[in-house]
1. Order of 107-117, 316-326 by packing, highest average Cβ count within 10 Å first?
2. So, with a 1.4 angstrom probe, what is the percent of accessible area on the chain that is carbon and sulfur?
3. Determine the calculated [θ] at 222 nm for the chain from helices alone, applying -39500 (n - 2.57) to every DSSP H run no shorter than 4 residues and normalising by the residue count; nearest 500 deg cm²/dmol.
4. Highest GNM mean-square fluctuation, the chain, Cα pairs closer than 10 Å: which of Ser74, Ser228, Ser140?
5. Around Ala325, what is the net charge, scoring Lys/Arg as +1 and Asp/Glu as -1 over all other residues with Cβ under 12 Å from its Cβ?
6. Between His53 and Tyr253, what is the spin-label point distance in nm, taking each point 7 Å from the Cα along the Cα→C-beta axis?
7. Heads up, I need the accessible area for Glu69: 1.4 angstrom probe, whole protein in place, Å², nearest 10.
8. Mind counting lysine pairs for me in the chain? Cα separation below 29 Å, and the two need to be 8 or more apart along the chain or on different chains.
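The values are calculated or read from the model by the stated rules, or taken from the named source; none is laboratory data. Bear in mind the structure is a predicted one, so any value in this text is a computation, not a measurement. Cβ sites come from the backbone with ideal geometry, for glycine too, and all protein chains shown count toward neighbours. Remember, those area values only see protein heavy atoms, side chains included, never the ligands or the DNA or RNA. Shrake-Rupley method; radii C 1.70, N 1.55, O 1.52, S 1.80 Å.
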Amino acid sequence: MRIAMIGQRGLPATYGGIERHVEELSIRLVERGHEVVVFCRKNYTISVAESYHGVKLLFAPTYQSKHLEAAVHSAVASLLTVGRGFDIVHYHAVGPGIWSPIPRLLSRAKVVQTIHGLDQDHAKWGRFARRVLRVGDWMSQRVPDAVVVVAGYLLDHYRGRPALTRHIPNGVASRSGRDDRILSRLGLRPLQYVLFVGRLIPDKGVDQLIRAYSEVGTDSRLVVVGGSSYTDDYELMIKQLASDDPRVVLPGYVYGDELNSLYAHAGVYAQPSLREGLPLTVLEALSYGRSVVLSDIPAHREILNASRPGGRLYPVGDVRALSAAIDEALASSDREREPSRLAGEATIDRYRWDSVTNQTENLYAQLLAS
């Protein structure tokens with residue numbers, strides 16, 4: 001099959017769960033003999049290569065701004081699919097799918113759209129952007145030949161809609177190398193820090209995490225890995241909050257082997273998000289056998305079995321409950337470490353990228369056969 005991917009910033013993936021999803025899926029599809037073209041933005045990666053692990057990279061022009069970058073890029077990419085013989089045009093996220101009528105009407109390609117979350121609910125968007133995304137949400141229920149949702153709870157949003165809907169979750173990557181030098185560079189001791197990984201946007205609740213940590217009586221550090229995503233004002237607020245607590249470490253975005261090391265040596269992983277699709281960062285933390293403290297939102301409840309050792313859910317938005325949960329997790333981490341490690345192996349078995357690829361490939365074949 002000849003497959004186009006639209007909606008991601010580019011490859012190789014640095015920050016962004018959608019980019020990781022597209023990378024893991026595309027590489028495996030290429031290994032199975034398919035041709036995959038990923039449309040990229042030049043401002044996402046340092047190098048501009050023609051391919052990545054056999055995946056073809058096509059850099060489409062765009063206009064760099066918070067509201068127009070993704071929209072313009074997806075529009076241009078959609079036009080570039082016409083007349084190129086693609087069997088599948090696969091959109092990722094609600095916004096880019098606004099342009100899905102282009103390949104649907106102007107080519108023979110089957111159109112697939114993966115919903116990674118209900119983007120129209122994100123706090124970082126203004127009133128006009130939310131209205132546009134609501135239009136995209138309406139279109140996602142009617143234009144694509146098939147819709148993929150990464151979390152089971154999202155099925156309810158598409159139940160009874162015309163589009164064929166499948167639940168295909170995110171996966172966990174196989175553990176690669178580590179670079180433990182980052183611990184000394186950041187002044188960290190193994191198992192003596194709480195970790196968060198993600199973009200610094202309001203929906204992630206990082207401000208609540210820092211406020212909650214100020215009430216935690218410990219010498220352990222809080223490491224907040226991430227940076228702005230057109231949310232400079234929010235990032236500035238996070239830095240101001242962190243400046244009041246010397247235990248808080250803000251290293252910015254961290255990738256690759258260094259990020260693996262931060263996962264591997266964390267005492268506790270915390271995710272205070274107000275909303276999520278199916279967060280890869282939580283899956284990664286669980287795969288490393290970390291104790292986790294998660295907000296009680298549908299995505300986290302779906303991932304975290306209530307009986308899982310070292311897993312704690314707290315009422316979303318409740319800063320006092322978050323502080324108490326972190327306190328308890330730090331105090332209990334020693335005795336929970338081995339049960340959490342075994343539970344981590346179960347997480348890897350449950351969320352495998354090879355299984356994700358199998359299901360996606362079968363969906364493509366089903367659409368083409370019909």
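1. On the way: 107-117: 23.1, 316-326: 19.4.
Listed from highest to lowest mean packing, they are 107-117, 316-326.
2. Values: 7880 of 15650 Å².
Ligands and nucleic acids excluded, carbon and sulfur reach 50 percent.
3. Details: 13 runs with 150 residues, N = 370.
Value at 222 nm, helices only: -12500 deg cm²/dmol.
4. With Cα springs under 10 Å in the chain, the top fluctuation among Ser74, Ser228, Ser140 is at Ser228.
5. Values: positive: Arg312, Arg320; negative: Glu215, Asp296, Asp318, Asp327, Glu328.
Computed value for this residue: -3.
6. Placing both labels 7 Å beyond Cα along the Cβ direction yields 1.8 nm.
7. That residue has around 10 Å² of solvent-accessible surface.
8. Pairs that pass both the separation and distance tests number 14.
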